[in-house]
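In what follows, a single structure is set out as structure tokens and then discussed.
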Amino acid sequence: MRRAFLGLLLAGLLLPLLPLLVWVVSGTWRYPDLLPSDLTTRGLNLLGDRRTPVLEGLLTSTVIGAAVSLVACLIGFPAGRALGLYRFRGRRVVQFLLLAPVIVPGLAVALGIQVFFVRLGLSDSVSGVVLVQLMPTVPYAATVFGAAFANLDVDYERQARTLGAGPVRTLLFVTVPLLRPAIVVAALLTFLISWSEYVMTLLIGGGQVKTLPLLLFAAIGSSDTTAAAALALLVVLPPLLLLMAAAPLLSGRSGAMVGVGRL
Amino acid sequence: MTGADVAIVQVTKRFGATLAVDDLSLRVPPGSLTALLGPSGCGKSTTLSLLAGLQHPDSGDVRVDGISVLAVPAERRPVALVVQKPLLFPHLSVAQNVGFGLRMARVDRRRRSRLVAEMLDRVQLPELADRRVGELSGGQEQRVALARALVLQPRVLLLDEPFSQLDTGLRVQMRALVRRLHDESEVTTLFVTHDQVEAVEVADTIALMQEGRLAGHGEPETFYQRPPSLAAARFFGVTNELPGCVQGGRFCSRTGLTLPTDLPNGEAVLVVRPDRMEMVDHRGPDTLDGVVTAARFAGSHIAVDVEIEPGRTLTAHVPVGATIALGSGVHLCLPPSACTLFGAGGRA
């Protein structure tokens, strides 16, 4: 029963990728044909071809994703501590403001912000894109860390201090290891949000910062199904691999991610 | 290194509207094992937090060997704290937990592992060094917590109800372990407990705290024989109280018992422990007449309730085997040496 359920889940996850695998190797494939009339390696070549911007896109997406993940966690960690540990006046307001960027459509926000970014010289640059992508990611990081801190027994930190650890080493040797599952979840979540972000990257990057989603949309726009399939696979697979690699880092208590680790 | 001389000087600590510690002064001599005893919520744990540096007093001073440590942060004080929860770091092994403080003190790896092994021997857990923390029993957890604190050779050891979550048999063993570890290292130890039996059993001296104040400080025996206050007497299980008044150097209870005293004139209360009262055959100067209303077998003695006036009952402990008839008239003897008098305000 359990096995059947897992199999079903796996099928649901991987089956939509199957047509992509077919498309990526198919050349001409017209209406009445059941199968492509000829096969091509163009899709695969595209991935390794230095003249196309695919490899560069992969690199750009990775760099932006890592930077966004790092900064969002650095901001979300102390914010989450305040939200999870302290009962202060206006806590609910702060919580709502944190979630506001998630509720308001990104397109509207990005359009408004673009004006300022152009004035500040941040448009059309990787740093501008990283900055704007903090908006949809910091709320998630703060929320994940908020929940983690709410469950943290701060007496561990007090104990560490009586054992001679100052504030910095208490953070590094006690708090961070205790919150490791939350850190992994927050880092993954923010990376994935950044990885699949399209609208904000297009508006703030001004078409100069070419992440994988941008290349993918361009390929779809030009009806090049082979290139689109190749890029789609490239967008989908790294996050999947990343999730599987990270799963063992999560302890058994951290709920939803456990399933991935057992696959 | 031997234990430090610890002094709390006129310390006050408030949390919002509640006064947790109220002008407390307490001196713990070097190398002693002192129990800080009191009902829950009396400020014992706050006092330990103040000593450990995890809380700051609103006023007053905390001194170690005569030098104020208020400006010293918790991580630099020569003070170790073990609390009710073991608080072992779940991401570290037993040995790594014990070595945590040494690592923070930048003791090199070889020396560290030697000291950790020695310490685990002293708490009788050498075989558990490589275990994960989650696999330990409650008693083992507290032993590891003790080892983790003591391996740093602190000059003051603070124990905040460390065994209150363990079952009775284990608690007795752990008290003996604390006693032994203390005697070996002579670290000044302050042991917080709300259980007077535990305090009497483990400690050299007892400091009794009530409502944020020191209600008495002395050897365990004193609290039984000469309780420093009415509240202290009650906390140590004195149930027999005779109200009366003092006039011209003589206390006279409402039931007619008199006793010389140097208390000033006014209301006073005489207290006497049940185990110091006797049932005698003849009326005498120190006796009261009463009627037996109840008798309970209590293992080592029989507790007999004697009504001496309507609504006032005294309890006497009499030897097992004595014949007691319910409803019979008896004479209760209160030897003057067993009686303590408290004037207005509950002071002796």
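Here are a few things to note about the model shown:
- As a summary of the residue check, A:Gly121 satisfies the conditions (1) within 24 Å of A:Phe191 (Cα to Cα); (2) away from chain B (no Cβ under 14 Å) except for the one numbered (1).
- In the stretch B:48-62, residue nearest to the other protein chains (Cβ to nearest Cβ) [restricted to those that are part of a strand (DSSP E or B) and of a type outside the set (Asp, Glu)]: B:Val62
- Within the stretch B:41-68, residues that are not assigned by TED's automatic domain parsing to the domain that holds B:Phe191 have Cβ atoms under 9 Å from residues that are assigned to a strand (DSSP E or B) in no pair, counting only partners at least 6 apart in sequence or on another chain.
- Check on B:Gly66, more than 14 Å from chain A (Cβ to nearest Cβ), on the phi > 0 side of the Ramachandran plot and not acidic (Asp, Glu): yes
- Against the test of being among the small types (Gly, Ala, Ser), more than 10 Å from chain A (Cβ to nearest Cβ) and part of a helix (DSSP H, G or I), the options B:Ser45, B:Ser25, B:Ser40 yield a single qualifying residue, B:Ser45.
- Some residue of the stretch B:106-128 being within 11 Å of chain A (Cβ to nearest Cβ), more than 29 Å from the chain's Cα centre (by Cα) and under 27 Å from B:Leu51 (Cβ atoms): yes
- Of all residues in the stretch B:215-242, those satisfying the criterion of being in contact with a strand residue (DSSP E or B) (Cβ under 7 Å, 6 or more places away or on another chain) and among the hydrophobic types (A, V, I, L, M, F, W, C) are B:Ala215, B:Phe223, B:Leu230, B:Ala231, B:Ala232, B:Ala233, B:Phe235, B:Val238, B:Leu242.
- Residue check for B:Arg180: modelled with pLDDT of 90 or more, surrounded by fewer than 20 Cβ atoms within 10 Å (Cβ to Cβ), of a type in the set (D, E, K, R) and farther than 23 Å from A:Gln159 by Cα: yes
Per-residue answers, yes or no, for (1) part of a strand (DSSP E or B); (2) touching a Gly at 6+ places or on another chain (Cβ under 6 Å):
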| residue | (1), (2) |
| --- | --- |
| B:Glu201 | no, no |
| B:Ala207 | yes, no |
| B:Thr222 | no, no |
| B:Cys252 | yes, yes |
| B:Leu288 | yes, no |
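- Selection within the stretch A:178-189: residues that are assigned to a helix (DSSP H, G or I) and within 14 Å of chain B (Cβ to nearest Cβ). The member of this set that is nearest to B:Arg148 (Cα to Cα) is A:Leu178.
- Yes/no for A:Ala219 being buried (at least 19 other Cβ atoms within 10 Å of the Cβ) and in contact (Cβ under 8 Å) with a residue 40 or more places away in the chain: no
- Enumeration of residues in the stretch A:207-225 that are part of a helix (DSSP H, G or I) and over 18 Å from A:Phe191 (Cβ atoms): A:Leu215, A:Phe217, A:Ala218, A:Ala219, A:Ile220, A:Gly221, A:Thr225
- Check on A:Thr162, in contact with a strand residue (DSSP E or B) (Cβ under 6 Å, 6 or more places away or on another chain) and either in contact (Cβ under 8 Å) with a residue 40 or more places away in the chain or more than 21 Å from A:Pro213 (Cα to Cα) (or both): yes
- The residues of the stretch B:69-85 that are more than 7 Å from chain A (Cβ to nearest Cβ), surrounded by 18 or more Cβ atoms within 10 Å (Cβ to Cβ) and free of Cβ contacts under 8 Å to residues at least 24 places away in the same chain amount to a single one, B:Val69.
- Qualifying residue in the stretch B:56-66 (condition: in contact with an Asp or Glu (Cβ under 9 Å, 6 or more places away or on another chain), surrounded by fewer than 22 Cβ atoms within 10 Å (Cβ to Cβ) and closer than 30 Å to B:Ala233 by Cβ): yes
- Exclusive hit being more than 17 Å from the chain's Cα centre (by Cα), part of a helix (DSSP H, G or I) and closer than 30 Å to A:Gln114 by Cα, set A:Ala160, A:Ala228: A:Ala228
- The stretch A:162-177: number of residues that are closer than 11 Å to B:Phe89 by Cβ, more than 7 Å from every other protein chain (Cβ to nearest Cβ) and not polar (S, T, N, Q): 1
- Filter result for B:Val72 (in contact with a Leu (Cβ under 9 Å, 6 or more places away or on another chain) and among the hydrophobic types (A, V, I, L, M, F, W, C)): no
- Only one entry of B:Leu88, B:Leu102 meets the criterion of being over 14 Å from B:Gln142 (Cβ atoms), of a type in the set (A, V, I, L, M, F, W, C) and within 14 Å of another protein chain (Cβ to nearest Cβ), and that entry is B:Leu102.
The values are calculated or read from the model by the stated rules, or taken from the named source; none is laboratory data. Here the structure is a predicted model, which means the values were calculated and not measured. Don't worry about glycine lacking a Cβ; one is built from the backbone with ideal geometry, like all the others, and counts go over all protein chains shown.
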